[in-house]
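Engineer: Got a structure for you, questions after.
The values are calculated or read from the model by the stated rules, or taken from the named source; none is laboratory data. Being a predicted model, the structure only gives us computed values, none of them experimental. Using ideal geometry, Cβ is built from the backbone for each residue, glycine included, and neighbour counts are taken over all protein chains shown.
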Amino acid sequence: MKSITVFKGDGIGPEITAAVLQILKAAHAPYDYEEFEVGEKEYKKNGALIPEAAFRSFEKTKLLLKAPITTPIGKGFRSLNVTLRKKYALYANIRPARSSAVIPTPFPDVDIVTFRENTEDLYIGVEYAMDADTIHAVKLITRKASEKIIRAAFTYAQKHHRKKLTCVHKANILKQSDGLFLHTFYQIAEEYPHIIAEDKIIDNLCMQLVMHPAQFDMLVMPNLYGDIVSDLTGGLIGGLGLLPSMNIGTTYAMFEAVHGSAPDIAGKHIANPTALLFSACLLLEHTGEQEISQRIKKAVQTVWETTNIRTPDLGGTATTEEYTQAVIRQLQ
Ligand code: NAI
Ligand code: MG
């Protein structure tokens, strides 16, 4: 049995976490769970968004299934995700976007996995004023961080039998910084001769993505482009409802839905647990449980194809619990 740290989060977090844990148990995932209240409630009670015990648990298990957390409004709050990424060196942000039959989109055949570098580029947050009217912002690209994210992408491609990896950049203008990223990409590509390696300039990629997305398989890029392009690929498949993600480093890995805590529907029993469930499937695959992940995804697919049991965001009338039970029935 592997131990998994679970942050139950705010808003719809506890509801979708309960649903996902029920499904994981029904699928006999070989895990036990260390569950923690994190976020607003915890902050009001104990003055910290994440209690020390929750950090300790993650440091022990190295695996975190994280529900969305409401970012408190006010000064002095750093984004919790930025904190977690930094503290645990989660250098790769990975978002698979795959079209599905339940969400109508003009792009029914999208299946793209984006690898976004998570630790440097313009996101190091170094900006300074040369004078009152001139600001410099630092774009940091290192060979080391570039190698890590690019190698992670090729390794994933190999493990998941992907055919092509596209490096996204603007090296025609940013000759040194993006140039280093691009050069590193083709160096590492030589170690993976059976995976097609190509590159696209970011602006051209954006046009291609909205015109002919099916030509892309996997994308790898520096932080800023990755932030924007992974939202674009999410939009191609119809938005937030079904989008999972993972943040991985050498030691730690964190799995979460792309959406937030949805306070507008919290407690109404209508939240869609699928994005967090698919994030849990990424966790299963990360820990070598491909078969269980496949079974869960197939169960969801069967519910979509053979019933009209869906949560309201997908046009249905089912509650979170009814939808969860329908998936569990398919697993049995
Ligand atoms: P949101 O993603 O929570 O909600 C946007 C819209 O999508 C809402 O109408 C919501 O009801 C709907 N929605 C989202 N997830 C859904 C689900 N699973 N099922 C059904 N409907 C769903 O974005 P919003 O409202 O901008 O942010 C709310 C809070 O979440 C904020 O405090 C924000 O900072 C936080 N947030 C946290 C994230 C995280 O912890 N990873 C990520 C994004 C936002
Ligand atoms: Mg973003």
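Engineer: Can you confirm whether region 272-288 contains a residue that is assigned by TED's automatic domain parsing to the domain that holds Thr319, outside any helix (DSSP H, G or I) and under 15 Å from Leu314 (Cβ atoms)?
Structural biologist: Yes, region 272-288 contains a residue that is assigned by TED's automatic domain parsing to the domain that holds Thr319, outside any helix (DSSP H, G or I) and under 15 Å from Leu314 (Cβ atoms).
Engineer: So which of Glu52, Glu59, Glu40 is more than 16 Å from ligand 1 (Cβ to nearest atom), within 26 Å of Tyr123 (Cα to Cα) and either in contact with a strand residue (DSSP E or B) (Cβ under 8 Å, 6 or more places away or on another chain) or outside the structural domain of Glu120 (by TED's automatic domain parsing) (or both)?
Structural biologist: Glu59
Engineer: Name the residue that is nearest to Ala271 (Cα to Cα), counting only residues in region 297-309 that are at pLDDT 95 or above and within 16 Å of ligand 1 (Cβ to nearest atom).
Structural biologist: Ile309
Engineer: State yes or no: is Ile228 within 16 Å of ligand 1 (Cβ to nearest atom), free of Cβ contacts under 8 Å to residues at least 12 places away in the same chain and of a type in the set (A, V, I, L, M, F, W, C)?
Structural biologist: Answer is yes for this residue.
Engineer: Answer yes if at least one residue in region 246-261 is among the charged types (D, E, K, R) and assigned by TED's automatic domain parsing to the domain that holds Met1, and no otherwise.
Structural biologist: Checked against the condition, which is being among the charged types (D, E, K, R) and assigned by TED's automatic domain parsing to the domain that holds Met1, region 246-261 yields at least one hit.
Engineer: Let me ask another. Any idea which of His136, His161 is free of Cβ contacts under 8 Å to residues at least 12 places away in the same chain and at positive phi?
Structural biologist: His161
Engineer: Next question. Could you check region 235-244 and list, in sequence order, the residues that are crowded, with 22+ Cβ neighbours inside 10 Å and either free of Cβ contacts under 8 Å to residues at least 60 places away in the same chain or in contact with a helix residue (DSSP H, G or I) (Cβ under 7 Å, 6 or more places away or on another chain) (or both)?
Structural biologist: Just the residues of region 235-244 that are crowded, with 22+ Cβ neighbours inside 10 Å, to begin with: 237, 242-244.
Selection gives Leu242, Leu243, Pro244.
Engineer: Among what's in region 95-105 and is modelled with pLDDT of 85 or more and touching a helix residue (DSSP H, G or I) at 6+ places or on another chain (Cβ under 7 Å), pick the residue that is surrounded by the fewest Cβ atoms within 10 Å (Cβ to Cβ).
Structural biologist: Out of the qualifying residues, it is Thr105.
Engineer: Does region 267-284 hold any residues that are in contact with a helix residue (DSSP H, G or I) (Cβ under 6 Å, 6 or more places away or on another chain) and buried (at least 17 other Cβ atoms within 10 Å of the Cβ), and which are they?
Structural biologist: Answer for region 267-284, where residues must be in contact with a helix residue (DSSP H, G or I) (Cβ under 6 Å, 6 or more places away or on another chain) and buried (at least 17 other Cβ atoms within 10 Å of the Cβ): Ile270, Ala271, Asn272, Pro273, Thr274, Ala275, Leu276, Leu277, Ala280, Cys281, Leu284.
Engineer: Being assigned by TED's automatic domain parsing to the domain that holds Ala67, in a helix (DSSP H, G or I) and more than 21 Å from Gly11 (Cβ to Cβ) is the requirement here; does Glu305 meet it?
Structural biologist: Yes, satisfied.
Engineer: In region 247-266, how many are surrounded by fewer than 21 Cβ atoms within 10 Å (Cβ to Cβ), outside any loop (DSSP other than H, G, I, E, B) and not aliphatic (A, V, I, L, M)?
Structural biologist: Qualifying residue count, region 247-266: 2.
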